[in-house]
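Below is the structure I would like to discuss, written out as C-alpha cells.
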Amino acid sequence: MLSSKSVLHRRLRTFVDWIAPDSEREQEIRDQSARIRERIKAKAAADGLTVRSTPNSGSFAKRTGLRRHMRGTSEIEGQDIDLAFVVSPKTKDAEMLDSLLDRFLGYAQEAYPDNAPDEPTNSSVVLTFQNTKLQYDIVPMLAVSGTDDEQILLQRNGNRRRTSVQKHTEFVRSRNWKSNEQPGRVKVNECIRLFKWWRCVHFEDDTIPSIVCDLVCAKAFDERGVRSTYGETLADWFGWAAHAVRSRTPISFNDYLVSPLAPRSGAEWQVIDPVNRENNIVERWNWSQLDELSDKLETTRDMLNRAISQDERQQHPQSLSSLEFVFGSAIRHHCGGDEA
C-alpha cells in the first residue's frame, strides 16, 4: 500500500503531466515555428521591412507552458507559442505599434490565409491551427542599436519599454537548471505550471499576466527552494507569496541588475522586471486587486495544508476534494484516481 504522503504527491505529479505540453510534439512545434518565421520574414523583406532576429520566447522556450487551459468550468485544449520578430523600420511612423501590427497581419494573411485572423490583438497577430490545437502569437518588437539581446516592446498607450527576450528566457531556464540538479521529482517549472493553472481557475482572463506568475514563483524558489513533494512545495510557496503580497514586500532580482529595486513611485506593490529596473510589472494594481490576490493565496495555502493533513490521515477522498478547490474539477478526473 502506498504511503499516505505519496498518494497526494502522485496525484499532483499525474496532474502536472496532464497539463504540461506533450514532449513528443516539441520537435513538431519547433519545425512549424521555423516555417512560420521564414514565411513571415520573406513577406517582410518583400515589403522592405528588415527583420533583425526572431529569438525564442514565451512559455514554450521557458518550459513553463500549458497545453490545456480552463475557461470557466470548461477544459480548453490548445497550446500558445510566442514568436518575437525584432525589426528595424526605416521611418518613425513605421515604428508605431498599429502600423507594425497591420503590416504583420498582412504578412500572416498572405502566408497563411486559412489561419490568420481578420484583426490583430492588442500586441500581436495570432495564427491558429485548429487541426493541431496550436496558436502562434507573432509579436513585433523594435531592435536596439548596438545590441543583439535587447529589444523595445511597444505598447498601445504609446510607451516603449526596453526589454530582453533572451534574458527573460534565460532567467527562468537558469532556475529550471538549478532545480533539475537537485534530487527528487519536484521541479520549479512544473510548479510554475501548477501556479498558472491555479490562476486560470481562480481569476478571469489575464488578470494575472504570465510574467507575474514567472517572477513570483522564481522568487519563491530563490527564497524557499522545493520540498520533497509537490503538496509541501506548493503550500510553502503559496504561503510565502500570500505574505509577500499582504505585506507589500517588493520582489526584485539581481540576475542582470546591480541595483534591481526601482523607486516606489506611488505604486501599491513592486514586482520589478529582472532586466529593466524601471519596469514595475504591477505598477497599476490597486489595493483592492492586491487584497483579493493575497486572500486567494492564503485560502489556497490553507486548502493545500488541509489536503496534506487529510492525506496523512489516509482520508484520500477528502484530500482530493481539497485539491479540487485549488485546481478545479479537472484534477478529479486527471490525477489517476483515489489511489493514484
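Would you calculate the separation in nanometres between label points at Ser88 and Asp291, each defined as 7 Å from the Cα along the Cα-to-beta-carbon direction?
5.2 nm
By counting other Cβ atoms within 10 Å of each Cβ, how are Phe238, Phe171, Phe325, Phe203 ranked from fewest to most?
So the residues, fewest neighbours to most, are Phe203, Phe325, Phe171, Phe238.
Of the cross-linked pairs Lys62/Lys90; Lys41/Lys62; Lys133/Lys296; Lys43/Lys133; Lys167/Lys219, which ones have a Cα-Cα span greater than 22 Å in the structure shown? All intermediate terms of the calculation are to be shown ahead of the outcome.
Working: Lys62/Lys90 32 Å; Lys41/Lys62 24 Å; Lys133/Lys296 31 Å; Lys43/Lys133 25 Å; Lys167/Lys219 16 Å.
From Lys62/Lys90; Lys41/Lys62; Lys133/Lys296; Lys43/Lys133; Lys167/Lys219, over 22 Å: Lys62/Lys90; Lys41/Lys62; Lys133/Lys296; Lys43/Lys133.
From the phi of every residue in region 292-304, what ³J(HN,Hα) in whole Hz does the Karplus formula 6.51 cos²θ - 1.76 cosθ + 1.60 yield, where θ is phi - 60° and glycine or proline is x?
Per residue, the Karplus-derived 3J(HN,Hα) values read 4, 5, 5, 4, 5, 5, 5, 4, 5, 4, 5, 5, 5 Hz.
Considering only DSSP beta bridges with both partners in the chain, what is the antiparallel share in %, to the nearest 5?
Bridges in the chain that DSSP calls antiparallel: roughly 65 percent.
Where a ≥ b ≥ c are the square roots of the eigenvalues of the C-alpha gyration tensor, would you call region 23-163 rounded, which needs a/c under 1.5, or, failing that, prolate if a/b is larger than b/c, or oblate?
Working: a/c = 1.63, a/b = 1.54, b/c = 1.05.
Prolate.
Charges at C-beta only: +1 for Lys and Arg, -1 for Asp and Glu. How large is the resulting dipole of the chain about its Cα centre, in Debye rounded to 20?
My answer is approximately 680 debye.
Shifting gears a bit: Determine, for Ser321, Ser288, Ser59, the number of other Cβ atoms within 10 Å of each Cβ, and report the residues in order from fewest to most.
Placing the least packed residue first, the sequence is Ser288, Ser321, Ser59.
Using θ = phi - 60° and the Karplus relation 6.51 cos²θ - 1.76 cosθ + 1.60, list the HN-Hα couplings for region 84-98 in order, rounded to whole Hz, with x at every Gly or Pro.
The phi angles translate into 7, 10, 8, 10, 10, x, 8, 10, 5, 4, 6, 7, 5, 4, 4 Hz.
Going by amide H atoms built from the backbone, whose H comes under 5 Å of the H on Ser53, apart from near neighbours?
Close amide H contacts, sequence-distant or interchain: Val86.
Trypsin sites (Lys or Arg not before Pro) within region 227-292: which are DSSP loop residues with at most 10 other Cβ atoms inside 10 Å?
Arg284
Also, quick follow-up: What ³J(HN,Hα) values, in whole Hz, does the Karplus curve 6.51 cos²θ - 1.76 cosθ + 1.60 give for region 315-324 when θ = phi - 60°, with x put for Gly and Pro?
Calculated HN-Hα couplings, in order: 8, 5, x, 5, 5, 5, 5, 5, 5, 5 Hz.
What are the radius of gyration and Dmax of region 1-50, computed over its Cα atoms and given in Å?
When restricted to the Cα atoms of region 1-50, Rg and Dmax are 21.1, 67 Å.
Taken together, the values in this text are just the output of simple stated rules run on the coordinates, not laboratory data. None of these values were measured; they are calculated from a predicted model. Every residue, glycine among them, receives a Cβ derived from its backbone with ideal geometry; neighbour counts consider all protein chains shown.
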